[in-house]
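Read through the structure below, which is laid out as structure tokens, and then see the notes.
The values are calculated or read from the model by the stated rules, or taken from the named source; none is laboratory data. What you see is a predicted model; the values in this text were computed from it and never measured. Every residue, glycine as well, gets a Cβ built from its backbone with ideal geometry; the counts of neighbours run over all protein chains shown. These accessible areas exclude ligands, DNA and RNA; they are computed on the full protein's heavy atoms, side chains included. Shrake-Rupley method; radii C 1.70, N 1.55, O 1.52, S 1.80 Å.
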Amino acid sequence: MPQDAFTLKHVIKELDELLAGGKISRINQREKDGLTFLIYTKNSTVKLEISANAQNCRLNIGSNEKQAPAAAPNFCMLLRKHLQNAQILKVRQIGFERIAAIDFLCVTEFERAERTLYCEIMGKYSNVILTENGVILGALKTSGIDDGTHRLLLSGAKYNLPPAQDKVNPLDKEELEKVLSEREGELARFISARVLGVCYSTALEMENALGENPSAEDIYNYIVTDDISPCVTYSNGVPNDFKVRSSSPDKKLYPSLLKAQGEYYLYVTKKKEFEDKKRKLDGVLRSAEKKCGKRLEIISSRRQDCEDMDTLKLKGELITANIYAIERGMDSFKAVNYYLENCPEITIALDRQLTPSQNAQKYYKRYAKLKRTVAALDVQEAEAEREKDYLASIRCHLDGADDIADFEGIETELSAAGLIKTADGKNKKKKQEDEPVYRKFLYNGFTIIAGRNNLQNERLTKSLKESDLWLHTQKYHSSHVAILSDGRPIPDDVIKVAAEICGYYSEARQSGKVPVDYTLKKYVKKPNASKAGFVTYTEYKTAVAEPNAHAELKD
């Protein structure tokens, strides 16, 4: 992202026009390195986001809502103390640096003071620092003498600007001319390495606009002009940057740079939230899958220990059949195994301390114990297999998620299973969805809906009329898909599209062809005490479909 001094210059100019005279209403710190200011301006209420995140440092007007933490961090409390109800006097850039200064007039019953919030937008060195009369009141990221840094960022210390870079200021045309005379190699890399406040992506745009041999005057005019065309650039249909101006043919223009920046970071923020949420749920699910797999391994191992169960029973029976030939004190004897066709001899170990009858009972007891163990293992294995299958169904929906809303039901399921706990160690309560937001498609006058998770699958199937058509992949976990008929006959092409959607939102989405069963809702039943989303069905037909998300049909 081009969060260089050149881009920040235009961002700050627009922020000053928008926020000057505004009043601070609320301050929140929803992330460890992100602040949000709710500001009443003369025209509207706006939300200023200040991020000191290494990858996404910025000042922008935001729209993405996040829940504020129950307890505000220390720096947030300090800002509330000193800036609550303060008036914004000006938003300005410090020199041609990546530093924005927001000047506040703070008036209370007891004092009148001017304070400045410095927002240093510098990648991993980004910071937010509140000062009064050049003295630091507090910083988002502090550093002391023991930290070995060049700057002291502690309450009570004097605020000093970050160390200057060994680069030429592009606003100094004479120095810029000297540097350009020393140029070697690619222009964009040379400018980004030697000219202050211009990152590589901005330098590339500059090269595209001015050619490979621009003069100092050209570069100066490119930087100081207010003739801009704010835009978001795209790559393969996905936003990849926002620019003051761009020569890219794949872009979307906006009326202001703040609008372009806001739209871009809305996408970036949602993408990060989606990836973070998916990573968290994936970790929980992997842990549960591993635990279930380990349980099945233990069951299998214990079952192997019971493999000689029938041999123990046989030995007990042979001792009983030959009890007349056994004397107490014998440590073994040979008997004919009359259960086998060729009647081979078998050697049976005996306990010298026991009578023949007691030896037989010993074998019978061991056999009975192992038999009970096998019966218990059968129950445990069936339960573990059901759990494995249920986790596989959750995995199917997690892997197929394409929106953060898809995770709500999955998180509820994992919470209900005791796999996700809150900070107090208690399982989250199951949330009740008022209006399930199914995936919805419109095709040829028919509405096709698909569940996002097991809970939605269950509610979707229950909500259908008996004449609606219900679809599910054969022998694969998938979303429940339905075609709402409204009493009309459903054409084959509509069934084909619904089957393709069903195949896409299934375990078999990477397959070339997927068998999809379809039947009327009246033939779909849910067994008692079964897991969410589990059903049985009869009177069905099967269509073979190629998985297709049909994004163009989404409503």
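Taking the range 311-331 only, how many residues are exposed (fewer than 13 other Cβ atoms within 10 Å of the Cβ), in contact (Cβ under 8 Å) with a residue 12 or more places away in the chain and on the phi < 0 side of the Ramachandran plot?
The qualifying residues number 2.
Any residue in the range 83-103 that is outside any strand (DSSP E or B) and in contact with an Asp or Glu (Cβ under 8 Å, 6 or more places away or on another chain)?
So far as the range 83-103 goes, yes, one or more of its residues are outside any strand (DSSP E or B) and in contact with an Asp or Glu (Cβ under 8 Å, 6 or more places away or on another chain).
State whether one or more residues within the range 194-208 are more than 19 Å from ALA5 (Cβ to Cβ) and among the aliphatic types (A, V, I, L, M).
Scanning the range 194-208, I find no residue that is more than 19 Å from ALA5 (Cβ to Cβ) and among the aliphatic types (A, V, I, L, M), so the answer is no.
Considering only the range 165-195, state which residues are in a loop (DSSP other than H, G, I, E, B), open to solvent by less than 90 Å² (accessible area, probe 1.4 Å) and under 25 Å from GLN93 (Cα atoms).
GLN165, LYS167, ASN169, PRO170, LEU171, ASP172
Return the residues of the range 499-530 that are within 30 Å of SER415 (Cβ to Cβ) and surrounded by fewer than 17 Cβ atoms within 10 Å (Cβ to Cβ); say none if nothing qualifies.
GLN510, LYS525, LYS526, PRO527, ASN528, ALA529, SER530
Here is a list of conditions, (1) without any contact (Cβ under 8 Å) to a residue 60 or more places away in the chain; (2) open to solvent by 50 Å² or more (accessible area, probe 1.4 Å); (3) under 23 Å from LEU391 (Cβ atoms); (4) of a type outside the set (Gly, Ala, Ser), and THR473 meets all of them except one; can you say which number that is?
(2)
Taking the range 361-402 on its own, how many of its residues are open to solvent by 70 Å² or more (accessible area, probe 1.4 Å) and either among the small types (Gly, Ala, Ser) or farther than 27 Å from LEU314 by Cα (or both)?
Final tally of qualifying residues: 7.
Among ASN208, ASN240, ASN236, which is the only one that is in contact (Cβ under 8 Å) with a residue 12 or more places away in the chain and open to solvent by 30 Å² or more (accessible area, probe 1.4 Å)?
Matching residue, one of ASN208, ASN240, ASN236: ASN208.
Give the residues of the range 57-67 that are at pLDDT 90 or above and in a loop (DSSP other than H, G, I, E, B), sorted by residue number.
If the condition is that a residue be at pLDDT 90 or above and in a loop (DSSP other than H, G, I, E, B), then CYS57 is the only one that fits.
Tell me yes or no: at least one residue of the range 122-144 is on the phi < 0 side of the Ramachandran plot, open to solvent by 80 Å² or more (accessible area, probe 1.4 Å) and out of contact with any strand residue (DSSP E or B) (no Cβ under 6 Å at 6 or more places or on another chain).
Among the residues of the range 122-144, at least one is on the phi < 0 side of the Ramachandran plot, open to solvent by 80 Å² or more (accessible area, probe 1.4 Å) and out of contact with any strand residue (DSSP E or B) (no Cβ under 6 Å at 6 or more places or on another chain), which makes the answer yes.
Restricted to the range 36-54, and to residues that are outside any strand (DSSP E or B) and without any contact (Cβ under 8 Å) to a residue 60 or more places away in the chain, which residue is least open to solvent (accessible area, probe 1.4 Å)?
It comes out as THR41.
Looking at ALA392, ALA375, ALA384, can you tell me which residue is at pLDDT 90 or above and touching a His at 6+ places or on another chain (Cβ under 7 Å)?
Residue meeting the stated conditions: ALA392.
Taking the residues in the range 339-392 that are touching a Gly at 6+ places or on another chain (Cβ under 7 Å) and in a helix (DSSP H, G or I) as candidates, determine which candidate is nearest to SER479 (Cα to Cα).
Among residues in the range 339-392 that are touching a Gly at 6+ places or on another chain (Cβ under 7 Å) and in a helix (DSSP H, G or I), the one nearest to SER479 (Cα to Cα) is TYR367.
Going by the conditions given, is THR347 exposed (fewer than 13 other Cβ atoms within 10 Å of the Cβ), at pLDDT 90 or above and over 60 Å from the mean Cα position of the chain (by Cα)?
Yes: the conditions hold for THR347.
In the range 12-35, which residue that is open to solvent by less than 20 Å² (accessible area, probe 1.4 Å) and part of a strand (DSSP E or B) is nearest to GLU114 (Cα to Cα)?
ILE24
For residues that are among the acidic types (Asp, Glu) and in a helix (DSSP H, G or I), scanning just the range 242-273, find the one that is nearest to ALA405 (Cα to Cα).
The extreme case among them is GLU273.
Between a first residue in the range 175-187 that is closer than 17 Å to ALA203 by Cβ and a second residue that is among the acidic types (Asp, Glu) and part of a helix (DSSP H, G or I), which pairs have beta carbons less than 8 Å apart while being 6 or more apart in sequence or on different chains?
Qualifying pairs under 8 Å: LEU187/GLU207.
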